[in-house]
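S.K.: Just dropping this structure here.
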Amino acid sequence: MKQGSGLPVFSGVAIGKAVVYQKTQRRDAAVGTPAEEQAKFDAACVEAKAQLNTLFEKAKADLGEEHAAIVEVQMLMLDDLDYLEGVAAEISAGSSASEAAAGTGEMMAQMFASLDDAYMQARSADIRDVSQRVADIICGGSGFHLPDGNFLLVAEDLAPSETIQLPRDRILAFITQQGSSSSHTAILARTLNIPSLVQSDIFLSDAADCEILAVDGFTGQWYMDPDAETLAMLQKKQAEAAADRASLEAYRGKKSITKTGKQILLCANIGSPEDAESAVAGDAEGIGLMRSEFLYLGRDTLPTEDELFEAYKKVAQTMGDRPVVIRTLDIGADKQVDYMGLEQEENPALGLRGLRICLTRKDDIFRPQLRAIYRASTYGNLHIMFPMVASVWELQESKALCAEIRTELESEGIPTKEVPIGVMVETPAAAVMAGELAKEAAFFSVGTNDLTQYTLAVDRQNAKLGRFYDPHHPAIMALLAHIAKSAQDNGIWAGICGELGADPELTETFIKMGFTELSMAPGRVLETRKLVCESEE
C-alpha cells in the first residue's frame, strides 16, 4: 500500500479504478514556407473556434453560464492582436505554425502568471489552454482520450476546457499534482459534489500501475492498493457519508429554525439565471447573492438594459416569492473585461472595482443595470446589494440614483416595486462603520472572502499563503460580531455570504452573533439546515 496527501477541495470518499490523464503527444509535420505555416495557423484558429463554440454550448447546458464563460474567454483569445501578431512574427522568423502557436501562448501565459492580480494570473491557464488546442489541431492530434466506465482521474493538472468536457457522470474523484482551492478543477469538483484533492504528492506512474485508488476528501489522504484494514475503514466511511447525504432529505421543505425558535434564512449563491434552478433543486429559501458580473463576462460589448432585464426577470420568476439579492456589477480586481476600457492598475484589488466603477460610469454601466432591476422587480422579490462600499456617501449617492431611476420608470409608464437596498460588507472600513451604514441600508451581507483578504492583508488566490489566510482569525470574528450587533441595533437583517456561510464549525457561532441569513452553494443548503435545526442557540 502507498499513501500520501493533498489539499482537499470537496469532502467524501471515492474508491475505484485510477485513470491517469495525459495528453496525446503532438508530432510536428514538415515545416513549409512562412506563408504555408501562416495558412496552417489561420485554418487551425477557425477550427479551434468551432470546437470551442461546441464546447461552450455543452458547458452552458451541463454546468451553467458561469462555467461556460471560461470557454468564451478562450474564444476571445483567438482574436487577440497581441497573440496573433506574436505568432505571425514567430512564423516569419522560421518557426513552424504549431511551435509558434504553443510558444507564443506559453510566453504570454508566463507573463500573465507573473502579475500580482489574481484574475490575470488565472487567465494564464486559459491562454496556455487555447494555444495548445491550436497547436494540437495543426498537428492532427485530439489531445484528449479517456476510457469507458467510472474512474478516479489523476493528472498533473487540468486545463479549463478539459474540466468542462470531462464525462462528469463517470468521474468518482479528482487528484491533481497542481491546482488550488479556486482552480477550475476545484470549482468543478464542488459543482459535481465529488471528493477531490489538489496539490497532491501522488506520482502519475504509480497511479497508472495500481489496481485500486482511494481518496478521502475529509482528511486529504489518498491510498494506492489499500490493505484490507484501510479499505474496510474507507468503505465504512463512504457508507456513512452516503447515509448522511440520504438523511439530509428529511430536512427538505422544512423551515430552518433552531431549538430555541430562531429562524435562519438559508440561501444560495448563483452566477447566472440558469443557476436559479439549481437553487430551487437544492431547496434554498432564496438567492443570497446573484453575481451580476457573469452577465458582462465572455462578450465584447456591454449587455443592454433589455438583456439584463430578461436575466433578472428569469431569476425573479424562478424563485417566486423567495428573496433574490442581486449584487450590482463587481468587475475589477480578479474579474476584468477589455471592452470596458479600464486602465491597467498596479494594484487592481485596491483600485477601480465594484461600486467604484458604477459611481464613476453611471450612464453606460450603473443606470442600465438599475433600470433593469427595477423593471424586473414586479416579477418577484428582488433586493439590490452594492459591493466594495467603504463610505456612507457611496451608499447615499447610489440610493439617490435608485430613487431617481424608479421615478423615471414610473413616469414612462413602467411599473416597479420597492426594492430593499443593502450593502455587501467586505472592506474593513465598512465593517468598522457598520453602525453608520446600518442607518442607510436595509440589510447587510458580509462578503467573508474579501473581508478576510483585506483585513489580514493576504491574497486569498495565492496558494503559497494558505496558512496565513485564516477566515477564523480573531480579528475576523470580532468584525463579524460588530457587524451583526450594528444590524440588530438598527433593526435590519444581516447575513453571511462566501465560503464561511456553509462552514459547519461556525454555523452556531453566526447564529449566536445574531446573523439571520446564510448564503452558500446550492448543494450545501440541506446539510446547513440540519445544523441550524440542531442548534441550541
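The values are calculated or read from the model by the stated rules, or taken from the named source; none is laboratory data. No experiment lies behind these values; they were computed from the predicted model shown. No Cβ is skipped: glycine too gets one built from the backbone with ideal geometry, and neighbour counts run over all protein chains shown. For the accessible areas, the whole protein counts, side chains as well, though only heavy atoms, and no ligand, DNA or RNA atoms are used. Shrake-Rupley method; radii C 1.70, N 1.55, O 1.52, S 1.80 Å.
S.K.: Considering GLY491, GLY435, GLY495, which residue is small (Gly, Ala, Ser) and touching a residue at least 60 places away in the same chain (Cβ under 8 Å)?
M.R.: Checking each option against the conditions leaves just GLY495.
S.K.: Can you find even one residue in the stretch 355-366 that is among the β-branched types (Val, Ile, Thr), under 20 Å from ALA403 (Cβ atoms) and in contact with a Cys (Cβ under 6 Å, 6 or more places away or on another chain)?
M.R.: Yes, the stretch 355-366 has at least one match.
S.K.: Pairs, please: C-beta under 6 Å, at least 6 apart or cross-chain, first residue under 22 Å from GLU274 (Cα atoms) and surrounded by fewer than 22 Cβ atoms within 10 Å (Cβ to Cβ) and in the stretch 69-80, second modelled with pLDDT of 80 or more and among the aliphatic types (A, V, I, L, M)?
M.R.: Correct list of pairs: MET75/LEU52.
S.K.: Tell me the residue from LEU465, LEU500, LEU479 that is of a type outside the set (S, T, N, Q), under 17 Å from GLY514 (Cα atoms) and either under 23 Å from the mean Cα position of the chain (by Cα) or at pLDDT below 95 (or both), please.
M.R.: Step by step, each of LEU465, LEU500, LEU479 is checked, and only LEU500 is of a type outside the set (S, T, N, Q), under 17 Å from GLY514 (Cα atoms) and either under 23 Å from the mean Cα position of the chain (by Cα) or at pLDDT below 95 (or both).
S.K.: Further question: Check GLU499, GLU508 and return the single one that is farther than 21 Å from THR260 by Cβ and open to solvent by 40 Å² or more (accessible area, probe 1.4 Å). Quick ask: steps written out before the conclusion?
M.R.: Working: GLU508 fails: farther than 21 Å from THR260 by Cβ.
Of GLU499, GLU508, the one residue that is farther than 21 Å from THR260 by Cβ and open to solvent by 40 Å² or more (accessible area, probe 1.4 Å) is GLU499.
S.K.: Restricting attention to the stretch 487-529, report how many residues are more than 23 Å from LEU248 (Cα to Cα), in contact with a strand residue (DSSP E or B) (Cβ under 8 Å, 6 or more places away or on another chain) and polar (S, T, N, Q).
M.R.: Count: 1.
S.K.: Just to check your reading of the model, which residue among ALA250, ALA268, ALA246, ALA281 is touching a Gly at 6+ places or on another chain (Cβ under 8 Å) and small (Gly, Ala, Ser)?
M.R.: ALA268
S.K.: Now, a different point. Which of the residues belonging to the stretch 312-339 are open to solvent by 10 Å² or more (accessible area, probe 1.4 Å) and modelled with pLDDT of 75 or more?
M.R.: The answer is LYS313, LYS314, GLN317, THR318, GLY320, ASP321, ARG322, PRO323, ARG327, TYR339.
S.K.: Would you check which residues across the stretch 236-257 are in contact with a strand residue (DSSP E or B) (Cβ under 7 Å, 6 or more places away or on another chain), over 13 Å from LYS530 (Cβ atoms) and open to solvent by 60 Å² or more (accessible area, probe 1.4 Å) and list them?
M.R.: Across the stretch 236-257, the qualifying residue is only GLN238.
S.K.: In this structure, does GLU397 turn out to be outside any loop (DSSP other than H, G, I, E, B) and not polar (S, T, N, Q)?
M.R.: When the stated conditions are applied, GLU397 passes them.
S.K.: Which residues, taken from the stretch 8-47, are out of contact with any strand residue (DSSP E or B) (no Cβ under 6 Å at 6 or more places or on another chain), modelled with pLDDT under 85 and either within 18 Å of ALA100 (Cβ to Cβ) or open to solvent by less than 40 Å² (accessible area, probe 1.4 Å) (or both)?
M.R.: Within the stretch 8-47, ARG26, ARG27, ASP28, ALA29, ALA30, VAL31 qualify.
S.K.: Still on this structure, please answer the following. Looking only at residues in the stretch 93-124 that are under 24 Å from LEU350 (Cα atoms), among the aliphatic types (A, V, I, L, M) and buried (at least 17 other Cβ atoms within 10 Å of the Cβ), which one is modelled with the lowest pLDDT? Walk me through it before giving the result.
M.R.: Kept after step one, since they are under 24 Å from LEU350 (Cα atoms), are these residues of the stretch 93-124: 109-124.
Still in the list and also among the aliphatic types (A, V, I, L, M): 109, 111, 113, 115, 118, 120, 122.
Of the ones still in play, those that are also buried (at least 17 other Cβ atoms within 10 Å of the Cβ) are 109, 118, 120, 122.
Working: ALA109: 84, ALA118: 52, MET120: 61, ALA122: 64.
Of everything passing the filter in the stretch 93-124, ALA118 is modelled with the lowest pLDDT.
S.K.: OK, next. If I filter the stretch 258-297 down to residues being in a loop (DSSP other than H, G, I, E, B) and of a type in the set (Lys, Arg), which single residue comes out as surrounded by the fewest Cβ atoms within 10 Å (Cβ to Cβ)?
M.R.: Filtering the stretch 258-297 for residues that are in a loop (DSSP other than H, G, I, E, B) and of a type in the set (Lys, Arg), the one surrounded by the fewest Cβ atoms within 10 Å (Cβ to Cβ) comes out as LYS259.
S.K.: When the stretch 402-450 is examined, which residues are found to be within 21 Å of THR360 (Cα to Cα), open to solvent by 10 Å² or more (accessible area, probe 1.4 Å) and part of a helix (DSSP H, G or I)?
M.R.: Passing the criteria: ALA403, GLU404, ARG406, GLU408, ALA429.
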